[in-house]
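Chemist: Below is a structure I'd like to ask you about.
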Ligand code: A4P
Ligand code: MG
């Protein structure tokens, strides 16, 4: 059995703000998204700063698949982008993500690294900002819940300008996230609040949950 990469080994001293897009459309997708947020909150050297509402969105790609649940999380992290991506992929695997070769096919959980500070990265396994984010309402609308409208997407434009260009039909706000999975994790989190929390919901990032 191969061991999961250990992200702490790839931490660096500068804390960066990263935005992570979450999407799911199989097997109780809302639960996958909410528990994945709780798992992001528990990553080492990482703090969950804010979570968007949940959105029901029409599928992009093959039409014969269920609607998606989409959301965005804002984190502050000392992980490198590569270590963060590895940790995100480990979370996807724990959620039973199967890659069957269908582009944009249905999935239990997809985590996309949208932006990482003001970095632009183009390597074989990682492109940041995510190359499709600027044209996707199912990313930009929840992103606006947790990011300043003046956020600049490196190499693209400000979030407000990007939002103005995308049609929003097919993106319906559902509800705030239920962060009880996060509270459960806080109760048992060996890292304690300094390692995994605090977490907050909405724009401010100031309501510590644990
Ligand atoms: N990769 C490179 N850059 C990144 C990044 N910034 N974040 C690499 C995450 N991964 C990145 O991803 C393929 C490879 O991209 C990985 O090996 C990673 O090293 P994947 O998750 O295996 O495959 P994928 O997600 O099927 O491919 P792709 O092209 O990334 O799809 P997207 O762009 O994630 O789109 N419709 C709705 N309504 N809502 C959705 O959330 N999502 C998708 C998937 C399609 N339709 C959707 C939604
Ligand atoms: Mg993806």
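Every number in this text was worked out from the coordinates using simple rules, so none of it is lab data. Remember, it's a predicted structure, so these values are computed and weren't measured experimentally. Because the Cβ atoms are built from the backbone with ideal geometry, glycine has one as well, and the counts that use them run over all protein chains shown.
Chemist: Which order results if 124, 52, 45, 176 are arranged by neighbouring Cβ count within 10 Å, fewest first?
Modeler: 124, 176, 45, 52
Chemist: Tell me, in nm to one decimal, what length is gained between residue 60 and residue 165 on full extension, where the rule is 0.36 nm per residue of separation less the Cα-Cα distance?
Modeler: That works out to 36.1 nm of additional length.
Chemist: So, one more: Please list, short to long, the whole-number percent of alpha-carbon pairs of the range 22-109 in consecutive 10 angstrom bins beginning at zero.
Modeler: Going out from 0 Å in 10 Å bins, the range 22-109 shows 17, 47, 30, 5 percent.
Chemist: Still on this structure, please answer the following. Using 0.36 nm times the number of residues separating residue 120 and residue 99, minus their current alpha carbon distance, what extension gain do you get?
Modeler: 4.9 nm
Chemist: How big is the convex hull of the Cα atoms of the range 11-195, per residue, in Å³?
Modeler: Per-residue hull volume (Cα only) is 115 Å³.
Chemist: So, in nm, how far is label residue 15 from label residue 30 when the simple model puts each one 7 Å beyond its Cα toward the Cβ?
Modeler: According to this spin-label approximation, the distance is 3.2 nm.
Chemist: While we're looking at this one, here's another question. Please compute the contact order of the range 119-173 in relative form: average sequence separation of alpha-carbon pairs under 8 Å and at least six residues apart, divided by the residue count, as a percent.
Modeler: 31
Chemist: Please give the Cα centre distance for the range 50-80 versus the range 86-128, rounded to the nearest Å.
Modeler: Using only Cα atoms, the two centres lie 12 Å from each other.
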